[in-house]
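What follows is a short report on a single structure.
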Amino acid sequence: MSDIAERVKKIVVEHLGVDAEKVTENASFIDDLGADSLDTVELVMAFEEEFGCEIPDDAAETILTVGDATKFLEKNAAQA
Amino acid sequence: MRRVVVTGLGLVTPLGSGVETVWRRLIAGESGLKAIDQFQVDDLPARVAGVIPRGDGSDGTFNADDWMEPKEQRKVDDFIVFAMAAATQALEDSGWKPETEDEKYATGVLIGSGIGGLQGIEEAAHVLRDKGPRRLSPFFIPGRLINLASGQVSIRHGLKGPNHAVVTACSTGAHAIGDAARLIAFGDADVMVAGGTESPVCRIAVAGFAACKALSTGFNDEPTRASRPYDRDRDGFVMGEGAGIVVLEEREHAIARGAKIYGEVIGYGLSGDAFHITAPAMDGDGAYRCMSAALKRAGVSASEIDYINAHGTSTPLGDEIELGAVTRLVGNAAGKITMSSTKSAIGHLLGAAGSVEAIFSLLAIRDQVAPPTLNLDNPSVETPIDLVPRAAKPMPIEIALSNSFGFGGTNASLVFRRHHA
């Protein structure tokens, strides 16, 4: 697992209060990890803070799974 | 009108978490006041507060994780966590667990707070200034709104009846119970979870109340002596945190399911001072009128009151004004009235004060004992009313009255009667 994937996983575990083993690449924040729409807004903010990048709203709407987040950040993170 | 009884109690206060722990310590004359050490106070004139004893949940300590998941706690201010704890305690105590949709529709929530999430508002203001609006949490607003205590409790317990909240400063808890009882009396609900909650032990709130010159400043080195209602050396109130929540129930509903009944809500009165934003009216007429209204509703005379849980905040002006109003109310019966201020032990819980003290009044009825007024060493006035100095007083209590008065000149009185099956 890449460094970015590890950091994404850590943020998801902390913010959603879920077991680390549930945070797989294909896990959906809402369907599999119990997040609601506000949780996903906060998650995106946490990613921005951690990786020093801005995630525009239209991009944020496409980040539905753990893998989506990792892929986006591998392309866009300033501090990867 | 339908009659309303109290079937469940929940408390989180500076004397602990859980009704029996808090009550045992209160009657034993213990104090929940301490020097504030959780934030900077060296530049504040008031450095004492009633602080909930945190711990692992054993021995009456408060463990927030017992009442709300850590990831949920992170999204809300403490006043909501305290409300969740006290409401869950009260529901468990009552044994009422709505299962059918009709039962859920008939069960509502009315929990208020004087101020709500001041701490979180302060922190969010710093984020906005230092990092900009994109860093503001989506949970900032729903974690601070006062009615979200009622909202969170309803979501947790599936209560789909009236969902309401009161905001009347230090009268909040009393108004919440009184208004909720009326919703039951009018048939809007059969059961209401009602009370007040407050989390004001934070730097911005202490600084704000100190600026109003309302807080005690002369006992920073002797915290347990700082709240001293009616005593000549009193110099202001001591802020406290916590929640007091009751389960109110239509009387026949409670009897039909064999519920334990702490007492009946027989009277509720309200009035306004129309005088000053923070100071009580010197003539005490607002206090007198709300007590009178509550007695009229109850259909009992002033001489029938056994115990009064006073508002008694330990401010130089307020205590004597209330005492004057009570004296005017009871007239020649003053010699048989017992009145104490439990703020001497836990401080002033602001929006939670009225409901916490309503619970103390109900427990006084249950155990036939009046809790003490701590630190009442030298009364500032002579009165035939027994102010229960320093030690609890076992006595027959059939009827108890609880007073609450708030900033803005908002007054509320509740009257409870012992229940006889």
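In this structure the amide hydrogen of residue B:240, modeled in the peptide plane, comes within under 5 Å of the amide hydrogens of B:50, B:348, B:349, B:350, none closer than 5 places in sequence on its chain.
Rounded to the nearest 500, the helix-only mean residue ellipticity at 222 nm of chain A stands at -16500 deg cm²/dmol, with each DSSP H run of n ≥ 4 adding -39,500 (n - 2.57).
In whole angstrom, how far apart do the alpha carbon centroids of region B:331-394 and region B:200-278 sit? Here the answer is 12 Å between Cα centres.
Beyond 18 Å, the tail of the calculated P(r) for region B:27-101 holds 59 percent of the Cα pairs. Once the chain from residue B:233 to residue B:420 is taken as fully extended at 0.36 nm per residue, the excess over their C-alpha distance is 63.1 nm. In region B:113-202, Cα pairs under 8 Å separated by at least six residues give a relative contact order of 36 percent.
Give me the distance in nm between label points sitting 7 Å out from Cα along the Cα-to-Cβ direction at residue A:62 and residue B:39, one decimal. In this crude label model, residue A:62 to residue B:39 measures out at 4.3 nm. Given region B:56-172 reduced to its alpha-carbon atoms as identical point scatterers, what log10 I(q)/I(0) does the Debye formula return at q = 0.10, 0.12, 0.14, 0.20 Å⁻¹? One equal scatterer on each Cα of region B:56-172 leads to -0.35, -0.50, -0.66, -1.13. Kirkwood hydrodynamic radius of chain A, from the reciprocal of the average inverse Cα-Cα distance over all distinct pairs: 12.2 Å. Cross-link partners of residue B:296 among lysines, defined as those whose alpha carbon lies under 21 angstrom from its own and excluding same-chain residues fewer than eight positions apart: B:336. Converting phi to 3J(HN,Hα) with the Karplus coefficients 6.51, -1.76 and 1.60 and the offset θ = phi - 60°, region B:160-167 yields 9, x, x, 10, 9, 8, 10, 9 Hz in sequence order, with x at every glycine or proline. Averaged over peptide B:131-140, the number of partner chain Cβ atoms lying within 10 Å of each residue's Cβ comes to 3.
Just checking the listed ones, B:314, B:380, B:271: in the Gaussian network model of chain B with Cα springs under 10 Å, the one fluctuating most is B:380. Normalised by the number of residues in region B:193-246, the average gap of Cα pairs under 8 Å and 6 or more apart makes the relative contact order 53 percent.
Kirkwood-type hydrodynamic radius, region B:272-421: 15.2 Å, calculated from all non-identical alpha-carbon pairs. For chain B, the Kirkwood radius over C-alpha pairs fed into Stokes-Einstein at 20 °C and 1.002 mPa s yields D = 102 µm² per second.
Only Lys, Arg, Asp and Glu carry charge here, each on its Cβ (+1 for the first two, -1 for the last two); on that basis region B:238-344 has a dipole of about 240 debye about its Cα centre. Counted residue by residue at 0.36 nm each, then reduced by the alpha carbon distance between them, the extension gain from residue B:252 to residue B:24 reaches 79.0 nm.
By the rule of a C-alpha distance below 20 Å, with chain neighbours fewer than 8 residues away ignored, the lysines paired with residue B:131 are B:75. Entry for region B:74-123 at q = 0.15 Å⁻¹: log10 I(q)/I(0) = -0.55, Debye formula applied to identical alpha-carbon scatterers, no solvent contribution.
Within the shell of other residues whose beta carbon sits under 9 angstrom from the beta carbon of residue B:82, the net charge comes to -3, with Lys and Arg scored +1 and Asp and Glu -1. At 25 °C and 0.890 mPa s, what whole-number value in µm²/s does Stokes-Einstein give for the translational diffusion of region B:1-66, with Rh from the Kirkwood sum over Cα pairs? For these conditions, the coefficient is 178 µm²/s.
Per the Debye calculation on region B:206-334 with a single equal scatterer at every Cα and no solvent contribution, log₁₀ I(q)/I(0) for q = 0.10, 0.22, 0.23 Å⁻¹ amounts to -0.46, -1.29, -1.33. For region B:99-255, the fraction of C-alpha pairs more than 23 angstrom apart is 51%. Working ranking of peptides A:39-46, B:342-349, B:179-186 by packing, defined as the average number of other Cβ atoms within 10 Å per residue, highest first, is B:342-349, B:179-186, A:39-46. When the inverse distances between all different Cα atoms of region B:339-421 are averaged and flipped, the Kirkwood radius reads 13.7 angstrom. Diffusion coefficient (Stokes-Einstein, Kirkwood radius over C-alpha pairs, 25 °C, 0.890 mPa s) for the protein assembly as shown: 104 µm²/s, rounded to a whole number.
Here residue B:377 and residue B:212 are evaluated by their C-beta separation; at R0 = 35 Å the FRET efficiency comes out at 0.85. Note on residue B:134/residue B:220: beta-carbon distance plugged into 1/(1 + (r/R0)^6) with R0 of 41 Å gives a FRET efficiency of 0.50. Once Rg and the Kirkwood radius are both taken over the C-alpha atoms of region B:298-375, their ratio Rg/Rh works out to 0.95. Dividing the mean sequence gap of close Cα pairs (under 8 Å, 6+ apart) by how many residues region B:280-421 holds gives a relative contact order of 31 percent.
Which is farthest toward the positive dipole end of chain B among B:371, B:184, B:44, measuring Cα position about the Cα centre, with Cβ charges +1 (Lys, Arg) and -1 (Asp, Glu)? Checking the options against the dipole of chain B, the answer is B:184.
Read-outs: derived from the displayed coordinates by stated rules, not from any lab. Since we're looking at a predicted model, the values are computed, not measured. For neighbour counting, all protein chains shown are included, and Cβ atoms are generated from backbone atoms with ideal geometry for every residue, glycine included.
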